[in-house]
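The values are calculated or read from the model by the stated rules, or taken from the named source; none is laboratory data. Bear in mind that the values here come from a model prediction, so they are computed numbers and not experimental data. Ideal geometry is used to build each Cβ from the backbone, glycine not excepted, and the neighbour counts take in all protein chains shown.
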Amino acid sequence: MKSSACLLAALLVLLAAGCATTPKINWAERVGHHTFDEVVIEIGPPDKQAKLTDGTVVAEWVTQRSRAHAFVSGGYGWSGPYGYGMFSPANVDTVTTPEYFLRLTFGPDGKLAAWKKFAR
């Protein structure tokens with residue numbers, strides 16, 4: 001009985017540790033206030049950026065990389081008394097998730113002007 005109580009306590013500790021997440025950034029609150037440099041210090045350098053002729057900077061960060069997941073489908077059959085029968089071969093299928101991005105636009109004054117999250 002004692003070991004099951006210890007196991008339950010350990011499981012609860014692991015679950016509580018798994019629930020710790022970083023707070024999400026509210027980009028709408030930061031429009032007009034945060035600069036490009038402040039954002040780079042907080043979340044790191046962008047994956048891509050471009051400076052427009054008017055001084056506007058458009059920068060993109062990859063927030064979640066694409067992932068491929070493989071799974072097996074099909075593969076059924078039966079075997080008779082002599083070790084043979086009808087079989088259907090298994091198929092390996094893959095599903096790929098999209099990449100997710102954060103695009104921040106900084107005006108010529110260096111302040112955050114717009115933001116957008118998207119996937120492709």
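Assorted remarks:
- Only one entry in Ala20, Ala10, Ala68, Ala5 is surrounded by 10 or more Cβ atoms within 10 Å (Cβ to Cβ), small (Gly, Ala, Ser) and modelled with pLDDT under 85, namely Ala10.
- Output for segment 105-120, where each listed residue is touching a residue at least 60 places away in the same chain (Cβ under 8 Å) and either of a type outside the set (A, V, I, L, M) or surrounded by fewer than 15 Cβ atoms within 10 Å (Cβ to Cβ) (or both): Phe106, Gly110, Lys111, Ala114, Trp115
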